[in-house]
Amino acid sequence: MRLGVRISRLAAALALGAAFATPGRGGAETPAPNQAQPLRVCADPDDLPFSSAQSGPPGLYVELGRQVAQSLGRPFEPVWALSYFGKHAVRTTLLAKTCDAYVGLPGIKGFMGPQLVYSKPFLHIGYAIMAPAGQHITRLDDLSGKRVGVQFSTPPQMVLAERDDVKSVTFLNPEEAVKALEHHEVDMAFVWGPVAGYMNKTSLHGAYEVTPIAGEGMEYPVKIGFNRADADLRDKVDLALEGARPAVADLAAKYGLPTAAPIELASLDEPVMILASTSEPAPPAAAEPAKEAAAPTADDVAEGHAIFNGTCSHCHGPDAVQSVRKIDLRLLHHRYGDTTATVFHETVTKGRPAKGMPNWSAVFSEDDFKKIYAYLSTIQTD
């Protein structure tokens, strides 16, 4: 599951509806009474190079899931579920116990808080710069004067937005950016590395060099997630993964994932997703959220902090640390004063698609929003 990119796509098309297929539609048969129960693994039906329910290559995560199930002596059963809603998809599948494991969750601090337990990382994935073979990228200045394809509301777009010497060309998904590169509509593409590598291997015959990029928000380790009640299963899967490391390397090569050591580009700013901007007026005043019966407690702030770092930090930065002042969430009160609570509630419940901010009302409850706001209120500065 391209969770990082899927979350970014919610800003681009990063509030698409989530749909879920019937569990077990992967062809596994109901086990006989004395047969081991299947290992049910959640997988996106249309997310190559990671997973696919169509004829053809099944995807890296599906093949790895099969190998792990075999190591455990259990049949393998995919549970097909679209992953557009990222964290919400995990809640409605793994946490709802329609599957036993979710392959491909980001190994970032605080993701889903204490609700899940995770395997050891088995892969690192992230964004990459795709350029014609022979054009070696070693620093950000190598993009100067170039037309660079980026995906809407992703860390690469945010980074290049600060560069006047680079012409960014925005696309809704990484596939479109790669196709634009093939047709010479852009000179390079700074997009999701697994997609770039897979397309380069399968349809572009290796004509491009795909360079993975290091840095905050640019890459993360990949793990298998489990319901926290299934820690014993996690431990067994960890043992299976130890023996599967050569197979993971082979699968990464098979699906064209960039395997070179990622490079650290100079001047990479921390990526953000815009909550509000001083370049436009605040949203129209809306009805105030219902007043809280009491001031937020320390537990409320702690839970809000965990939710923020589990979901929002992907774009806003861990602990809301942000170097671009005009979109620094620690300056909300400085910008909006007494209307800060109203602006916050309006933004998170209705979104600002033009600025890359999705509507989160289908994912979080009013109580969640209050806790997130309680946390943000504790870190406001002038």
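The values are calculated or read from the model by the stated rules, or taken from the named source; none is laboratory data. If you're wondering where the values come from, they're calculated on a predicted model, not measured in any experiment. For neighbour counting, all protein chains shown are included, and Cβ atoms are generated from backbone atoms with ideal geometry for every residue, glycine included. Quick note on the areas: whole protein, heavy atoms, side chains included, nothing else; ligands and nucleic acids left out. Shrake-Rupley method; radii C 1.70, N 1.55, O 1.52, S 1.80 Å.
A few comments on the model shown:
- Per residue, the solvent-accessible area of region 23-172 (1.4 Å probe, heavy atoms of protein chains only, all protein chains present) comes to 42 Å².
- Here the relative contact order of region 58-107, from alpha carbon pairs under 8 Å that lie six or more residues apart, stands at 28 percent.
- For region 61-67, Karplus couplings with θ = phi - 60° (6.51, -1.76, 1.60), whole Hz, Gly/Pro x: 5, 5, 5, 5, x, 5, 5
- Inter-centroid distance (Cα atoms) of region 115-151 relative to region 53-67, Å: 24 Å
- LEU72-THR202 FRET efficiency (beta carbon distance; Förster radius 35 Å; 0.05 resolution): 0.70
- By accessible area, using a 1.4 Å probe on protein heavy atoms only, region 109-163 has 51% of its surface on carbon and sulfur.
- Taken one residue at a time, the phi angles of region 232-237 give Karplus couplings (6.51, -1.76, 1.60, θ = phi - 60°) of 5, 5, 4, 5, 5, 5 Hz. Gly and Pro are set to x.
- For region 41-135, the Kirkwood hydrodynamic radius from C-alpha pairs, put into Stokes-Einstein at 10 °C and a viscosity of 1.306 mPa s, yields a diffusion coefficient of 108 µm² per second.
- Stokes-Einstein D (µm²/s) once Rh is taken as the Kirkwood radius of region 101-173 over alpha-carbon pairs, at 4 °C in 1.567 mPa s: 86 µm²/s
- Interchain or long-range residues, amide H under 5 Å from ASP44's placed H: ALA81
- Residues whose amide H falls under 5 Å from that of GLU185, counting only those 5 or more places apart or on a different chain, are absent, with hydrogens built in the peptide plane.
- Remark: the ARG139-GLU216 segment gains 26.2 nm on full extension, using 0.36 nm per residue and subtracting the alpha carbon distance.
- ILE224 accessible area, 1.4 Å probe, all protein chains in place, Å² to nearest 10: 10 Å²
- Using θ = phi - 60° and Karplus 6.51 cos²θ - 1.76 cosθ + 1.60, couplings along region 43-59 (whole Hz; Gly, Pro as x): 8, 6, x, 8, 9, 5, x, 9, 7, 7, 8, 7, 5, x, x, x, x
- Of the peptides 105-115, 146-156, the ranking by mean beta-carbon count within 10 Å, highest at the top, reads 146-156, 105-115.
- Cut-off under 5 Å, modelled amide H: who pairs with LEU265 long-range: ALA214
- Mean separation of Cα pairs under 8 Å and 6 or more residues apart, divided by the residue count, gives region 134-272 a relative contact order of 31 percent.
- The portion of the accessible surface of region 184-235 made up by carbon and sulfur, rounded to a whole percent, is 43 (1.4 Å probe; DNA, RNA and ligands excluded).
- Here region 32-88 exposes an accessible surface that is 46 percent carbon and sulfur, computed with a 1.4 Å probe and the other protein chains kept in place.
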